[in-house]
Each structure stands twice: as structure tokens, then as C-alpha cells.
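This report concerns only the one structure given below.
The values are calculated or read from the model by the stated rules, or taken from the named source; none is laboratory data. Bear in mind that the values here come from a model prediction, so they are computed numbers and not experimental data. Neighbour counts are summed over all protein chains in view; Cβ atoms, including those assigned to glycine, are modelled from backbone coordinates with ideal geometry. Please note that ligands, DNA and RNA were not included when accessible areas were found on the heavy atoms of the full protein model with its side chains. Shrake-Rupley method; radii C 1.70, N 1.55, O 1.52, S 1.80 Å.
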Amino acid sequence: ALVGVLLPEGSEEATRARMRRLHPALRLVGIVDAPAYVREAIARIAAMLGGEPDDLRDLPLDMTGVPAFHRRVYALVRDIAPGHTLTYGEVAARLGDPTAARAVGQALGRNPFAPVIPCHRVLASGSRAGGFSAGGGVDTKLRMLQAEGARMSREPGLFDGDPAAYR
């Protein structure tokens, strides 16, 4: 199972340095030397980031050491389909505690499996982007949502619905 996934930082070395900080006991290898399931995961994640639909739900994750509340948040967020979003408050409400929006945000800020656990699909109230701890911050989050064709609003868009209604 995957023990950690990172979105790329500004450079390969910066990405490797962050991975070493987060997982000091791991031996980092190049893609060529990685096990087949890791190479497959990398290819699928890269394709998804390029706009190819894939919910990545079947990728195995090692949740050893992940707090129970975070696991619950991650399980719920992992079920958000590509192109769809929820707010932190909606996630909290679905977990049974509508007052836990801030705790949901903190859990997602510590997400060790982005974008396999698609924290980019969780927005602030009013469908604002909110924060994003990966390299590039909110701009990265917005680009990922755009690649998935996600809408930032629950309101109908200009071209939604019956075209005859706009004549």
C-alpha cells in the first residue's frame, strides 16, 4: 500500500526533500526502481492531474499512524467524485458534527495522500477555494478542479439547462 503521496513541489529535489521530512524511515527510489503498483499509481495520478477522469479510489493506502478522525474525513472525501465538490461544513455535517468544519480543514491540511484523497475537492463556505497546503497553494487547487471540470458554485452556469430558455 502507498504510505504517502505528494503533489509536486517547485522542483524534483524540493519534492524529494518534503517526502524525506514526512517519511524519514523510507528509502526513496526513482520511478524505474519503484514496485509495479507504485509505478501504476504514479501514472494514474499524473493522468488524472492532466485531466483524464480517474477517481483513484482503488489505490491501496497505508493509514498506519493516521488519527481516527482523519481517517473518517479521508474516507468521506475519497468518495467525492471527480468534478464534484463539498464544503468543509458539508463534510463535517456528513460526519455527524456540523460544528467540526475547522477540524475537517485541519485534517485535510495534513492529508498524506493528496490527490488520492482529493482534498482539493473540499471548498470553504460559499464555495470559495479556501486553503491548500500543496505547492502552488490555492492556484494549484483551482487548476486541479478546472482539470476535472468542477464547478465552484451550486448555481446553474450560463450554458446549463435548456438552451431554448435563453432565447
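Listing for the model above:
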item: D_trans [Stokes-Einstein, Kirkwood Rh over alpha-carbon pairs] for the chain, 4 °C, 1.567 mPa s, µm² s⁻¹; result: 76
item: Residue-level accessible surface for residue 145, protein heavy atoms, 1.4 Å, Å²; result: 0
item: Degrees separating the helix 36-49 axis from the principal Cα axis of the chain, which is the longest one; result: 30
item: Mean projected area in nm² (Cα convex hull; one quarter of hull surface) for segment 92-153; result: 4.3
item: Residue 39 accessible area, assembled protein chains, probe 1.4 Å, Å²; result: 100
item: Largest to smallest accessible area among 42, 117 [probe 1.4 Å]; result: 42, 117
item: Cβ charges +1 (Lys, Arg) and -1 (Asp, Glu), total dipole of the chain, debye; result: 520
item: Computed over the chain: relative contact order in percent, which uses C-alpha pairs under 8 Å that are six or more apart; result: 26
item: With Cα atoms, 0 to 90° folded angle of helix 12-22 axis to the chain main axis; result: 80
item: Taking N as its residue count, the alpha carbon Rg of segment 49-132 over 2.2 N^0.38 Å; result: 1.03
item: Solvent-accessible heavy-atom area per residue, rounded to whole Å², over segment 72-120 at 1.4 Å; result: 42
item: Kirkwood Rh and Cα Rg combined as Rg/Rh, segment 1-53; result: 0.96
item: Rounded to 10°, Cα long-axis angle of helix 137-148 versus longest principal axis of the chain; result: 70
